[in-house]
Structure formats: C-alpha cells, structure tokens
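Take a look at the structure set out below.
The values are calculated or read from the model by the stated rules, or taken from the named source; none is laboratory data. Computed from a predicted model, the values in this text were never measured in an experiment. Quick reminder, even Gly has a Cβ in these numbers, built from the backbone with ideal geometry, and neighbours come from all protein chains shown. These area figures cover heavy atoms from the full protein model, side chains too; ligands, DNA and RNA do not enter into them. Shrake-Rupley method; radii C 1.70, N 1.55, O 1.52, S 1.80 Å.
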Amino acid sequence: MYICFMKKIIFYVIILLFVSNLQAQKKTDSLLFELNTNKLKDSNKVNLFLQLSYNFRFTKQDTAIFFAEKAVLLSQKLNFDNVKAQSFYTLGMLYTYKRENEKAFDFLTTAKELFEEQNMEYEILKCQTYLGMVFINMGEYEKSLQLSQITINKYEKNIDKEMLSRNYNNIGRVHQIRKNFDLSLQYFKKALTVLTPSDDKKSIAILLTNMANIYIMLNMLDSAKFNYQKAIEITKTINHNAYLSFLYTSMSVVYLLENENNEALKILNKSLDICNKNNFLPEKTICLLKLSYLYLKLSDSSFNEIERKKYIDTAITYLNETLIILKNKEDTERLLECYNYLSAAHSRLNQYKHSYDYLLKYNSLKDSLFNIKRENIIQDLEAKYQHEIQGKELKNKELIIQQQLLKNKKEKFQRNVFIVGFFCILIGFIVFVKIYFKQKKLSEMKIDFVNNMTHEFKTPLSNINLAVSILASNANTEEQEFLSIIKEEQNRLKKGIDIVLSTSLLDKNELVVNFEKTDIHQILKDVAHNNELYANKKNGKIVLNLSAKNFIISIDEYHFINVINNLIENAIKYSNNKFAINISTVNENSSLLIKISDTGIGIAKKDLKYIFDKFYRVSTKNRYESNGFGIGLYYVKKIIEAHNAKINVTSKLNEGSVFTLNFKS
C-alpha cells in the first residue's frame, strides 16, 4: 500500500520538478545576462550575487561560493546589515553542503547573531536549521536533536514546510546514525510528506536516498531499490550529475545484496561513465572501489581459471586507478579500503609478497588513521575551547561596561558596609573580651574551690586513718573486718582526692613530674597483686604476660602507679562476673608497649573519642551503680602525655577493651 501511494506522489512530483527546473534554468541565464550589462547599482548587485549563489548551490557549489563571497564583501562595503547577514547565511549553507564544518559553523553563527540584532526570527530559525546539520557532521548529535526540536516547534507555528522538512531530516539522520531505524524512517517520511514540488529537488532526492539506506539496513531490498530509482529520476531532472553518479553507485549495493551481479555491473558502469565525462573524482573513487569489490566477488564464484584471473586483473586495474586518484588526497577511509582489496586480489593470484606489502600499508595507515582521529578530536576540543574563550571575552567586555556603571554605587555601599562592619566587630570584640575574662575568673574560682575542698578533706581522712590504726591494734576478729572496710574506703577516697589535686595542677600546668629509671615489670606485678582481691570478689582474674626485654624506663613512679591502678580498676568496675584482665608488655621499634585488655562490657564507637575528656562518663545501664567523677581517664591521658608517651584504645561492645601505652625505651 505504502509503495503504491509513494509511486503516485513521486510521479507527479517528478513532472512538476522537470517543469520548474526549466524555469529555474531560464531564470539563472537571465540573472547572468543582467549581471554582465554593468548598468546595475552596488545595492542591486548584492541581491543578484545572492540569487545566483542560491541557483548554483547544487549544480556548481564552487561558483555558488564565489558569488556568496562577492555578496559578503560588497555588503560589508555598503554596510547593509540585512544583506550582510543574508550573505553570511548563504556562505554557511554552502559550506554545510560541502561538509566544511568549521567554516559553516562560523558563518552561520555570525549570520544568526546579525539576524538577532534585527529581531528577524524567521531568518534565525533558518540559521538554526543548518547549524543542526553542522552539529551532525561534527558528531554532536545531542545538540543537533535539541536545536532541531526547538526549531520544529517554531516552524510548526509559522508553517514553513521547507525548513520544517529539513529539521525532520536532521532528526532522522541522528536516529539513523544511532541505529534507531524505525524512528529514523518516521522522521524521513514526515520530512518527505511536508515537501512540495517548489522546494529543493535535491532535498527530496536526499530524503529518498536516506530512506533507501535504512531499508538496506532492515533488509527491505525492494523498498530500497524503489526509493533509489525515484531519487535517480528526480536527480536527472535537476541535472545534478555528481549526485546521480553517487546514487547509481549506492543502488549497486542493493543488486550486490540480491546477487544480481550483472545488474550491479551495468549500473556501476553508468556511474563510471558520468564520472569520466565530468571528471568527478570523489564519486569516481567510490565507484571504482565498488567495481573492484564486484570483480573480486565474481572471481570467487568463477570456476574458469582464465576468467577468474581476468576478473582479478580488472579489479587490480581499477584499484590502481583509485590509488592514482587518491594520491596526495586525505581520503584515508577510501585508501584503507583500496589497500585491503589490493591485498586480497594479489593473494588470490598467489602473489603473496604484493599481498603482504599492501597488508602492511593497510595496517600502517589504519594506525595512523587512529592517531589522526585522536588528533582531530584534540584539535576539535581546542577549537571549541578557543570559541568558548572568545564568547567569554565578549561577555566579559559587556560585564566590564556594566561594572563601570555600578562602580560608584558599589564603592559607596562598600564604605557603608565597612563602617557598620567595623563597629559590629568592635562591639563583638569588647563583648568577647568581657565574657572571656569573666569565664576565666569563674574557672579560677572553681579550681581554687576544688583545691581548698580537697585539702580540707585530707586532714579528716588522715585523722580517720590514725584512729583506725589505733583501734585495729586492740580489735577482735569481727571488729578487724569492719575496720579493714573503713581503711579500704578511706584509701579509695584519698586516692580520688589525690587525682583531683593532680588534675587541678595539670590544668594550671603546675604539676611536677619526677623522672627516674624504674623497673616497669615490678610495678605492674605490684599493682596487679594489690588489685587481685578486688578482682576476686567479682570472680575475675588478672593475668600477667610480661615479655618485654627492655623494661627499664624513666617515669614518675607515683603517677605511673596511679595510671595503671586507674585502668585496672576501670576494667574490674565495668566487667561482669567471671572476667579476665590481661596485662602484657612487648618491645616494638625501640618502644615499650604496655597493653591492658579486659573482657568487660566494652565502649560504644560513638563514645570512644570522648572518654579522655574531663568529666565525661560513658552511658551504661549501671552508670549510677559505678562510682567515679569522670576525671580518671582525663588524668591518665595527661600523665601519659607528660611522659612524652601515647595512649590508644580499641573497644567493642560486649567484647571488651584494650588500652595500649606506648613509651620510648
């Protein structure tokens, strides 16, 4: 159904195109005659150059560019902004067709900016349409899609079918490159539907060609052949021989896929005749490569050795001719294809040295092509970066002008802000100093109060100790038991008072540490023995594993004993029944490590970083059952630091804790 419908449409389109082509040719001849009269004013010449450029845009692109450049120079001389913008747009359009992307981008961007200055929305959209094509050629597909969709939305309102078709074509091409063939076909059909016979004939031929290419991908060879044939008929009416040659070559692919080698050979010979008559070298290169491939294919299916050799020789002849055309040209892709076919052809003739040489050339060129592509990507990125910098420089100039206008206001505002800020800072500083000295006074009062209070406690404690000693000398067994409890609690209270006093001196940096060479192992044994009774009450045990060889170090014995006592008492206090405390020593990297580990309730990860803070106590279920002020570990850390040593702790809940003291030997 679709093919029958398309046949009818394209039949009428071809008739109308043929008539319109005759009219266009007459119009072009008339314009050239008018230009040669030399009676035209410069303002009229500019428009005439643009019309001639537009008329030659498909048949003679170099001529079209020549007239467009003439129009640009003349419009700049006359300073006609509208015509200048139109001239830049025409040049951009022509370079888009020639796939000279950088030139096309620059001219179209300049034209767009000039049209924007004149608020010419329709012309801006035309620039955007061709910029969409340029982005496709540059590989920036997402930009092309976005720009084309924006332009379509505008054109649908303005009902410009020609440009609407071009934007549909842009989107179709992007989807074709991304291999979304169904979507691509939809957009190509939309583009073809909105076109009229008065539009560009080549645009219709290109759309039919694009659709044919997709049909080949989808293996719909009949549809592909039909579209190629109609594109060929239309191209004949516009006398565009270069594109006609390209279409013949493209259509040969369909015949090759259908294994209709004779038909492929006929149509390729037609293409080659056109190229030879008109000296179309790029199109001829493509045609010769296809012919070479065809003859190599024929040689593979031939069982006659003479005929087979003839096919291969013909292929080599065409390939050598291709090499001559490609000499000093930068068509690396075609050259790669040529080397590949030559290697295969000589291999079929058992000429392995030639085959190997061409294979080497193929691999070498392939590697260089990769490097070229990489360099092109780098250069493209550099060009984009430079373009971005130029854009930023223009924006910066505009900003500088705006900044100069706002400079006085900003300076006045800054002065006011400075004055207000200065007084705010001054007031804040005064308040801070006042609060600081007040807090300092309160801190000193607190420290003095604690010192006085602990000193006052020491006298009654000494009296209690003396009284207990006197009573113990004459007490019976039961009384002795109670007196020992009193003495034990008195000693504990005295120890706590000593730690508070030492902590107070530490805060004032007044604590005196007396270093002496001391046997660490002996101290650890004594402290462990003193705490053994306390541990036994909770069915626990203290295990010593003193394996260090260098255990004589300089310490303050009194404070060191307090540190070890504190750590062991904490281990006992925060352990359940049937626990074990392990005290070990070891030498490591000229240091003495003392480890005190337990199997207690452990410390939560969130509490570990705070346990050495003053007055901090870990929250536990029996927090109020366990005695303490939260200064024991604070005291421990301060004493260890006074010894130029380090303390580390690791712990896991319900598994226990390990405190490691690191002293330099």
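Within the stretch 622-633, none of the residues are touching a residue at least 40 places away in the same chain (Cβ under 8 Å) and among the charged types (D, E, K, R).
Quick grid of which residues meet (1) more than 20 Å from L349 (Cα to Cα); (2) in a helix (DSSP H, G or I); (3) more than 51 Å from the chain's Cα centre (by Cα):
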| residue | (1), (2), (3) |
| --- | --- |
| I306 | no, yes, yes |
| K309 | no, yes, yes |
| D313 | no, yes, yes |
| L319 | no, yes, no |
| L323 | no, yes, no |
| L335 | yes, yes, no |
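Scanning the stretch 170-202 for residues being in a helix (DSSP H, G or I) and open to solvent by 20 Å² or more (accessible area, probe 1.4 Å) gives a total of 16.
Here is a yes/no grid of residues against (1) over 31 Å from the mean Cα position of the chain (by Cα); (2) modelled with pLDDT of 85 or more:
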site	(1), (2)
Y155	yes, no
G172	no, yes
N180	no, yes
S184	no, yes
D199	yes, no
I204	yes, yes
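All conditions but one from (1) at pLDDT 75 or above; (2) surrounded by 11 or more Cβ atoms within 10 Å (Cβ to Cβ) apply to K384; the one that does not is (1).
Of the residues making up the stretch 127-144, those that are touching a residue at least 24 places away in the same chain (Cβ under 8 Å) and open to solvent by 30 Å² or more (accessible area, probe 1.4 Å) are N137, M138, Y141.
One line per residue, one yes/no per condition, for (1) of a type in the set (V, I, T); (2) without any contact (Cβ under 8 Å) to a residue 12 or more places away in the chain; (3) surrounded by 14 or more Cβ atoms within 10 Å (Cβ to Cβ):
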residue: L289; (1), (2), (3): no, no, yes
residue: S299; (1), (2), (3): no, no, yes
residue: K309; (1), (2), (3): no, no, yes
residue: L319; (1), (2), (3): no, no, yes
residue: L326; (1), (2), (3): no, no, yes
residue: T332; (1), (2), (3): yes, no, yes
residue: Y341; (1), (2), (3): no, no, yes
residue: Q351; (1), (2), (3): no, yes, yes
residue: S355; (1), (2), (3): no, no, yes
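Would you say H455 is at pLDDT below 80, of a type outside the set (F, W, Y) and within 46 Å of the chain's Cα centre (by Cα)? Considered against the rule, which asks whether it is at pLDDT below 80, of a type outside the set (F, W, Y) and within 46 Å of the chain's Cα centre (by Cα), H455 comes out as no. All conditions in (1) in contact with a helix residue (DSSP H, G or I) (Cβ under 8 Å, 6 or more places away or on another chain); (2) more than 25 Å from K189 (Cα to Cα); (3) open to solvent by 40 Å² or more (accessible area, probe 1.4 Å) hold for R99, with the sole exception of (2). Of the residues making up the stretch 272-287, those that are open to solvent by 10 Å² or more (accessible area, probe 1.4 Å) and under 44 Å from the mean Cα position of the chain (by Cα) are L281, P282, E283, K284, I286.
Scanning the stretch 638-665 for residues that are touching a helix residue (DSSP H, G or I) at 6+ places or on another chain (Cβ under 6 Å) and open to solvent by 30 Å² or more (accessible area, probe 1.4 Å) gives a single hit, K638.
Output yes when any residue across the stretch 53-62 is open to solvent by less than 60 Å² (accessible area, probe 1.4 Å), in a helix (DSSP H, G or I), more than 18 Å from D200 (Cα to Cα) and in contact (Cβ under 8 Å) with a residue 12 or more places away in the chain, and no when none is. Scanning the stretch 53-62 turns up no residue that is open to solvent by less than 60 Å² (accessible area, probe 1.4 Å), in a helix (DSSP H, G or I), more than 18 Å from D200 (Cα to Cα) and in contact (Cβ under 8 Å) with a residue 12 or more places away in the chain. Filtering the stretch 548-606 to residues that are on the phi > 0 side of the Ramachandran plot and either within 53 Å of the chain's Cα centre (by Cα) or open to solvent by less than 60 Å² (accessible area, probe 1.4 Å) (or both) leaves N589, S590, G602. If you take the residues of the stretch 534-547 that are of a type outside the set (S, T, N, Q) and assigned to a helix (DSSP H, G or I), which of them is surrounded by the most Cβ atoms within 10 Å (Cβ to Cβ)? Per the stated criteria, the residue is A535.
Here S223 clears all of (1) of a type in the set (S, T, Y); (2) more than 21 Å from L257 (Cα to Cα); (3) more than 38 Å from the chain's Cα centre (by Cα) except the condition numbered (2).
Within the stretch 157-169, if we keep just the residues that are open to solvent by 40 Å² or more (accessible area, probe 1.4 Å) and assigned to a helix (DSSP H, G or I), the residue that is modelled with the lowest pLDDT turns out to be N158.
Quick check, is N269 modelled with pLDDT under 90 and open to solvent by 30 Å² or more (accessible area, probe 1.4 Å)? No.
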